[in-house]
Each structure stands twice: as C-alpha cells, then as structure tokens.
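The values are calculated or read from the model by the stated rules, or taken from the named source; none is laboratory data. Everything numeric in this text was worked out from a predicted model, so none of it was measured. Cβ placement follows ideal geometry from the backbone for every residue including glycine, while neighbour counts extend to all protein chains displayed.
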Amino acid sequence: MVAPGYARAYHAQSVLTASPGQLVLMMFDGALRFLALAKEGFNQPVENVHRFESININLQKAQNIIAELQGSLNHEAGGEIAVTLDRLYDYYSRRLFEANVKKRIEPIIEVEHFLQELRDAWAEMIRKEEGNRFQDARGVA
C-alpha cells in the first residue's frame, strides 16, 4: 500500500517546515497521544500478556517528550515562566514514573489534563502570534 508512505513523507515535511512554536505544539500532541495509548492499556484484558508492556512503552514515550520539552526551555529568555514550566515538567515526569511503577491510571489522567491545558494555551499563543504577523504583513502591502 502506497498511502502510508505518503503519510510519513507528509509528516516528515510538516516537521521540517514547522516553526519552533509549532514544533512544541507537535510535542504536546505526541505526549498526549502516548498518554491516551497508555490509558488504553489499562482497558486491555488482564489476561493480555502485552498489557503492561503497552502501558510501559507509551508512558516512557510520553516521559521522553516531556524531558525534551523540559530540556528545550530557555531559562535566560524565559525567566520565571521557564522556571515554572521546568518544575511542572519535573512533576509530570515523577507522576508518570509513579503511574508506570505502580500501574495506576490516576496519575496519567492528572498529567493528561494538565498537559492538555498547557497545549491549548500554547496553541492559542501561536494563533495570536500568527494573527499579529498577518496584520503586520497586511500593513506593509
């Protein structure tokens, strides 16, 4: 089937042409996707031998994205916001670690909720920034 190849090429191109803000948004979306997959693992039958493996892998992927978000913070330019985000990302990582070790869904739901709020705020910021850029460009023409 050729379609998956086109989808991969499109995704790769969208990452290569995305602005830094859009890349952060993609990372939020990826973390949320892996958290949802981890939660699905809890709904698998207990007899499923791959249940814990699925939960573990998806939680680790979400944790890796959160670590990347944390590592990309610019503390000099971001000031107190960067410090606060750093603390939040640290908290999210610890909660997901707990969820993975204890195989509890509640920390996943908590982190998912907070990450969704951050993601939505980030998307709104990008939308406003792009709107301002459009207004500035219209004034030039």
Cβ-Cβ distance below 6 Å, separation of 6 or more or different chains: which pairs start in the stretch 120-138 with a residue that is under 14 Å from Leu25 (Cα atoms) and end on one that is modelled with pLDDT under 95 and surrounded by 10 or more Cβ atoms within 10 Å (Cβ to Cβ)? Ile126/Gly21
Of everything in the stretch 58-72 that's surrounded by fewer than 16 Cβ atoms within 10 Å (Cβ to Cβ) and of a type outside the set (Gly, Ala, Ser), which residue is farthest from Lys102 (Cα to Cα)? Glu68
Just wondering, is there one or more residues in the stretch 13-35 that are farther than 22 Å from Ala123 by Cβ and of a type outside the set (Val, Ile, Thr)? no
Starting from residues that are among the aliphatic types (A, V, I, L, M) and exposed (fewer than 13 other Cβ atoms within 10 Å of the Cβ), keep the ones in the stretch 73-89 and report whichever is farthest from Gly21 (Cα to Cα). Val83
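Per-residue answers, yes or no, for (1) touching a strand residue (DSSP E or B) at 6+ places or on another chain (Cβ under 7 Å); (2) at pLDDT below 90; (3) assigned to a loop (DSSP other than H, G, I, E, B); (4) not hydrophobic (A, V, I, L, M, F, W, C):
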| site | (1), (2), (3), (4) |
| --- | --- |
| Met1 | no, yes, yes, no |
| Arg8 | no, yes, no, yes |
| Leu23 | no, no, no, no |
| Leu32 | no, no, no, no |
| Ala36 | no, no, no, no |
| Lys39 | no, no, no, yes |
| Val46 | no, yes, yes, no |
| Glu53 | no, no, no, yes |
